[in-house]
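The structure appears below as structure tokens.
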Amino acid sequence: MFEKSLTDLIRGIRANKKNEQKYIAVCLQEIRNEVKSNDIDVKGIAVAKLTYLQMLGYDMSWASFHIVEVMSSPKLLHKRAGYLAAAQSFQQDTDVLMLTTNLIKKDLASSQPLEIGIAVNGLSHIVTPDLARDLCQDLVAMLNHSRPYIRKKVVLVLYKVFLKFPEALRVSFPRLKEKLEDADPSVVSATVSVICELARKSPRNYLSLAPQLFRLLTTSANNWMLIKIIKMFASLTPLEPRLIKKLLPPLTSLIQTTPAMSLLYECIHTVITGGFLEAAGDSSHALAATCVNKLRRFLEDPDQNLKYVGLLAMSRLLSTHPKLISEHKDIILECIDDDDFSIRFRALDLVVGMANKKSLVDIVKRLIAHLVPADSNGASSLHEASSVLDPVYRTDIINRIVFICSQNQYRNVANFEWYITVLVGLAHVSGVSVGEILTNQLMDVSVRVKSVRPFAVKQMFRLLSDQQLLKTAKKRDTNIEVLSAAAWICGEYCSFLDNIPSTLECLLTSYVVDMPVKVQAIYVHNIIKIYGFWVNELIDEWNTELQTEFVKVTEVIKDKMGMFTRSADLEVQERACSARAIFDIVLESISQDLTSEQAPLALQGLPALFSLYELNPVAPKAQKKVPVPEGLDLDAWINEPLPDLVDDSESEIASVESPSFDMDFSTTTTANKKKKKKSRSRKYEEDSEDEEDKERRRAARMEALRNDPYYIMSDKSEKQKQAARLLDLEDDVDSIPIVKLSVDDFGISADNGGKPKKHSKKKSKGKRQPRAPSPPPPEYAPEEMPEDALASGSDQEGTNGIGNNSNTKRRGSNQTYGKNLQRKDIFATDDDGLNTVDLSTPLGADERLPEQQTYLSPEELRRREEARVRVERRERRLAQSASTTALKNDGERKKKKKKRKSVDESAKKSRKSTSTSGTKDKKKKKKKPTAAVESESEQLENGYTNEVPDMPTEDLLKDQRKQILPKLLLDNDQIEVHYQLSLSDEKDNGIPVIEAKLFIKNKSTDATLTNLHFTTIETFDFRYVEHMRHSTLASISDTFELEAGKDVEAVGYFAITGDIRRGLCLRCDLQYDIQDSSALNQIALEMNVQPSVFLIQDQPMDPTHFAALLAEHGQEFDYRDSVAIEIPISTETAVDQMLIDALSTITSTTQLQVVEVVPGAASLYAKSIQGSQIAGLLKYDLTSQEGRATITIDLKCTDDGFLEAFVDQLNSINV
Amino acid sequence: MISFCLITNRRCQTRFIRYYDELPQDPTAFELNIARECIIRKPAHALFVQVGKYKIVYRVYASLYFIFGYERDENEFAILELIQNCVEALDVYFEKVTELDILCNIEKVHMIMEETVAKGYCLETNQARILEGVTAL
């Protein structure tokens, strides 16, 4: 009565803005008391209030039990509040969830749809593996609920159930599939959502749904659903490239017509990511161009949202169609300067992949503009101050610049002097900490590119003497580390130094002590290096004057070295001390003979300490060339792998492959590899694709080779080759880089005036470009190989392998950018049980949803017990009646014996003879009814020789294995297909196998059918056995080419994995192309499998055994049915002959064996390959109708489904 | 699949939150962070933004921000339309929806959102059918 309602609480909170915390604390205390109340209303409101407070960030986990109480409230309002609270606050490990199983079960069974809706909704949030297991059966049953409102919710909750309890997916998938055909559009839409999500995880399982989805795609107008369907197809097409052909027309028309941007974008996106462009063949380029043009319209649109997705889609297209994208460079570069960071980053992703030799300089210039603070003259007013000052953003930009330039082994950099200038400029950017990456780059470039070294040394000297940079040494975010590269380069290539003493002076500046110790250590070392080189130079022109000067300088250096020796860092200290010791030795040796015209001996040894040999980069193939030591087997397992790990290896390899450094080609190759593994039937396509791929890769390698600093061999002949290659390069107009130097961006003038500029020779062919000075081709440093290198393979090999240390490092640090450009891997596997669910194999008989283990009420127990007893009683009765029938039969036969008029086996010839042979005798003789020789003496009784016709005799018994004629499967203008099914003698892993023989005939008179092939569809009942082949005939998995009028026979084997039941059929798709016609011919074929196919023929049943079988196992023949077949009686043929014919038709089509023929009746028997047995009694009745005879067959069978199928087949017999 | 759905005002106060995936470590801080990222954006900016692992699609209605987050595999435009759809449904139900409506009738909002977006999937796009379930109660 006096409790606050939720609205009161909200009002209260608003009224107490000043001391909200306090107010809520009071309320919480109230709620704590209220939830314990016995009044469910109070409790419910308390929980609702608590849910509100939870949204504001207050804990409510303590109230779990009370929430469950409220959930069980009969009032809908409270139930809602309870379920909502549960959804918001329960975690997977909330222990009270165990208590909810029965509650939810009860709510699901409620008669009120709203209540069910609440329960289903709530369940989706709180479902745990246990709940999923216990409730999945109820939920699956609810898929057929009469209200669409419930159905759609159940479909969605099932997805959550599958996630928690993957086993349920396999069993309930057929039911879920049915929902695609639901009458209600929102149920269909929900089903599509769920299947789309499932297919994303393991697309292979859902290929069979493609026709249904395709129909929805072409008929539905629900954009939301269409988007999902298209998304789903995008994940299916990599597995089934033929789908692409089919999908292209609807997608293209959607692209051209749809007014919905979302759908348009999705179509384009799918065309790009689903591999449509690769598969579209000739029209591929046009299609890509259409897409790109649409995307350009997106980019030009003032709507920022369109711009965003346009860029997003373009970045997907980048990996396959870089050229098309670079056509729109102008507009993309504009987006880099966009105000909006979302757009800017998308554009940057694109730009990084777009850069090539021509555009590199321009792009880098634009990126650098983002780093420079806005000028006062308003040129950069576009940039917000915040964006320029944001260090994270600037670090990102710098990383991108370095990435663009260094990717693919500096392929895009034509002028390394320019690059050095850029790097030096980047070092001056304040407020960021990118020293390490710049250091690596500077060192890497100057080691690899010989020709750039003089320039690099000059620039490095500038850096060393740059007071501004030195002053930043004490700051937190600084690029001071770059000085270590500067020092090292000056030291290593000191021969290019203009002024050695002043360099040394720079290295000994007092700022050094503020630098990182790493830099200091490098400083110390390089001081000695430079000093050593200097000494070497002086030795030649040694004189007394020089000596005084020399001593002076040395003393200064030694003096300054003192500041390093006091360093706290051990490395610096040690190096400094040994340096000082060297200087001591030098000074001492000079002081010993002051007057000498010769340099002291100690000095002459000094250069040898450092410059014995040149430092070269390691060749990328070097690692490969190291010979394998003898006796080392690299292929042998060290530890035997666990068996299941081996199975997974395929996907692992695939995932390892994808983050490859070579962006342009890696994605396509991996995709191909995957496809190849997945499908054998498409092999022929793959081969050609592979060829193309190889070709492309080869071309790319050649291109890479030209510019690749890693590709120079250390031996002389290689050098010559290299020179020749460079000469070639000059002749090759296209490859001459035309780059304008734009180094003044930083206010640093590039000092390359001394370099002779070579002009490119233009061929008259093609567009003439204005002549531009081109930088000299860079000269690369020779690369080193291991001494015992193996004889080299071709140069082509191992282009992608990068063996160099510094390179690998860079690769690591930049991988993030590479990733952005990778095509999205739809095979990406989550750690999810769902992936392992295999929907392709049929359901076994023992696969059921788990029964819920709940305790039964006593009434229920009693009811079950009664039911059990009833069944037992019935079985006993059946057994009794079976044995009495057997006895009766026996008795009848004995009676008939009296007026025994046995018929000879040649009854047809009407030669009757009396026989005295007894019943026993007769039975014995029938043991081998198929043997014609023995049948000679076979006799049958016939009580009504004259009135009633004889039953057919021996020919029926022996000639049951009549070949069934091939049935017509398909007949159209071009093609005619017949099929014939039989049980194969072989088995596949113990599973019986059906042999399907197909007779294919090209009916047309002139057209050749090419590329004709069958795709077998795996169903729950049959699985195509790939490895079994007919000894002489072709297999149906082959591809055929049929000339006009020709025919061919093909055989396929299918393992029977399901139960025999009515309406079984083998499914396959037939595809063929007609020569000179582009029409796609795809026809779904269904071969009906009659139960007779499964019957075993080789064991004839003799009547004694038959009787015994029925007597002993009669109760197993639990299922009964009867069939009546009417036979028209004409006056022309004798009645008996007609009955004989009828019986023979029945037995030959059904393959039933005639066990015994008695007057007016015959007993039949058969056994299936799966062990089901069927027994029948055939009787005929001539009297019921004028001009007609009726044959009734009573059947008993051990298997329900089998019987049903059999009856079905019998009913279809046309006599 | 949509990961969460958040309604917040200009002061970054959460008015409605529903997670369809697992809860983040600290929901309040997470919501605040997401809201901030959206609120600093200008009206002329795109309505998509990436925050951490989530791709965010948001829409502004007067003082309210409707923010939907997902990790992958959603169509940006479809979500924009979905937001519009939700807002229209709320608008019809509350007859010109205001922040106060959402604040005071949080349960109703939950119901309407449940009918529109269930378990992170777009469930129903027909407004009449969305409100059918809610008004029936």
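Screening the candidates A:TYR531, A:TYR511 for the property of being over 52 Å from the mean Cα position of the chain (by Cα), surrounded by 23 or more Cβ atoms within 10 Å (Cβ to Cβ) and among the aromatic types (Phe, Trp, Tyr) yields one hit, A:TYR531.
There is at least one residue in the range B:57-73 that is facing chain A (nearest Cβ under 7 Å) and either surrounded by 15 or more Cβ atoms within 10 Å (Cβ to Cβ) or farther than 22 Å from A:CYS267 by Cβ (or both). Within the range A:297-330, being more than 13 Å from chain B (Cβ to nearest Cβ), out of contact with any Ser or Thr (no Cβ under 8 Å at 6 or more places or on another chain) and crowded, with 18+ Cβ neighbours inside 10 Å holds for A:MET314, A:SER315, A:LEU317, A:LEU318, A:HIS321, A:LEU324, A:ILE325, A:HIS328.
Here A:ALA654 passes the criteria (1) modelled with pLDDT of 75 or more; (2) touching a Lys or Arg at 6+ places or on another chain (Cβ under 6 Å) except the one numbered (1). If you go through the range B:14-37 and keep only what is facing another protein chain (nearest Cβ under 10 Å), touching a residue at least 12 places away in the same chain (Cβ under 8 Å) and either surrounded by fewer than 16 Cβ atoms within 10 Å (Cβ to Cβ) or not in a helix (DSSP H, G or I) (or both), you end up with B:THR14, B:ARG15, B:PHE16, B:ILE17, B:ARG18, B:TYR19, B:TYR20, B:THR28. Taken over the range A:1059-1083, the criterion of being surrounded by fewer than 19 Cβ atoms within 10 Å (Cβ to Cβ) and either touching a Lys or Arg at 6+ places or on another chain (Cβ under 7 Å) or assigned to a loop (DSSP other than H, G, I, E, B) (or both) is satisfied by A:ARG1061, A:ARG1062, A:GLY1063, A:GLN1075, A:ASP1076, A:SER1077, A:SER1078, A:ALA1079, A:LEU1080. Filter the range A:1028-1054 down to residues that are more than 21 Å from A:LYS967 (Cα to Cα), under 30 Å from the mean Cα position of the chain (by Cα) and at pLDDT 80 or above, then give me how many there are. Counting residues in the range A:1028-1054 that are more than 21 Å from A:LYS967 (Cα to Cα), under 30 Å from the mean Cα position of the chain (by Cα) and at pLDDT 80 or above gives 2.
Taking each residue of the range A:93-116 that is within 14 Å of chain B (Cβ to nearest Cβ) and looking for partners that are in a loop (DSSP other than H, G, I, E, B) with beta-carbon atoms closer than 8 Å, six or more apart or interchain, yields A:PRO113/A:ARG147; A:LEU114/B:LEU137; A:ILE116/A:SER110; A:ILE116/A:HIS145. Which residues, taken from the range A:493-508, are within 60 Å of the chain's Cα centre (by Cα) and surrounded by 14 or more Cβ atoms within 10 Å (Cβ to Cβ)? Within the range A:493-508, A:TYR493, A:CYS494, A:PHE496, A:LEU497, A:THR503, A:LEU504, A:CYS506, A:LEU507, A:LEU508 meet the criteria. Among the residues here, A:ALA576 qualifies as crowded, with 22+ Cβ neighbours inside 10 Å and more than 30 Å from A:VAL432 (Cβ to Cβ). Of the candidates A:LYS75, A:LYS106, A:LYS79, the single residue that is surrounded by 21 or more Cβ atoms within 10 Å (Cβ to Cβ), of a type in the set (D, E, K, R) and more than 29 Å from B:ASN9 (Cβ to Cβ) is A:LYS79.
Across the range B:121-131, the number of residues qualifying as more than 9 Å from chain A (Cβ to nearest Cβ) and either buried (at least 21 other Cβ atoms within 10 Å of the Cβ) or in a loop (DSSP other than H, G, I, E, B) (or both) comes to 1. Of all residues in the range A:73-98, those satisfying the criterion of being more than 22 Å from A:GLN112 (Cβ to Cβ), hydrophobic (A, V, I, L, M, F, W, C) and assigned to a helix (DSSP H, G or I) are A:VAL96, A:LEU97, A:MET98. Counting only residues that are out of contact with any Leu (no Cβ under 7 Å at 6 or more places or on another chain) and not hydroxyl-bearing (Ser, Thr, Tyr), the range A:421-432 holds 4 of them. A:ILE363 meets the conditions (1) more than 14 Å from chain B (Cβ to nearest Cβ); (2) under 25 Å from the mean Cα position of the chain (by Cα); (3) in a helix (DSSP H, G or I) in every case but one. The failed one is (2). For the range B:38-56, residues that are at the interface with another protein chain (Cβ under 9 Å from one of its Cβ atoms) and of a type in the set (Gly, Ala, Ser) total 2. Take the conditions (1) within 14 Å of chain B (Cβ to nearest Cβ); (2) touching a residue at least 12 places away in the same chain (Cβ under 8 Å); (3) farther than 19 Å from B:LYS108 by Cβ; A:TYR83 misses just one of them, which is (3). Taken over the range B:62-77, the criterion of being over 14 Å from the mean Cα position of the chain (by Cα) and in contact (Cβ under 8 Å) with a residue 40 or more places away in the chain is satisfied by B:GLU71, B:ASP73, B:GLU74. If you go through the range A:1128-1141 one residue at a time, do you hit one that is in a strand (DSSP E or B) and at pLDDT below 75? Yes, the range A:1128-1141 contains a residue that is in a strand (DSSP E or B) and at pLDDT below 75.
Confirm whether A:SER89 is more than 11 Å from chain B (Cβ to nearest Cβ), out of contact with any Asp or Glu (no Cβ under 6 Å at 6 or more places or on another chain) and either farther than 30 Å from A:SER146 by Cβ or not aliphatic (A, V, I, L, M) (or both). Here the answer is no, as A:SER89 does not meet what is asked.
The set of residues from the range B:78-113 being within 12 Å of another protein chain (Cβ to nearest Cβ) and free of Cβ contacts under 8 Å to residues at least 24 places away in the same chain comprises B:GLU81, B:LEU100, B:ASP101, B:CYS104, B:ASN105, B:GLU107.
The values are calculated or read from the model by the stated rules, or taken from the named source; none is laboratory data. The model shown is predicted, which means the values in this text are computed figures rather than measured ones. Because the Cβ atoms are built from the backbone with ideal geometry, glycine has one as well, and the counts that use them run over all protein chains shown.
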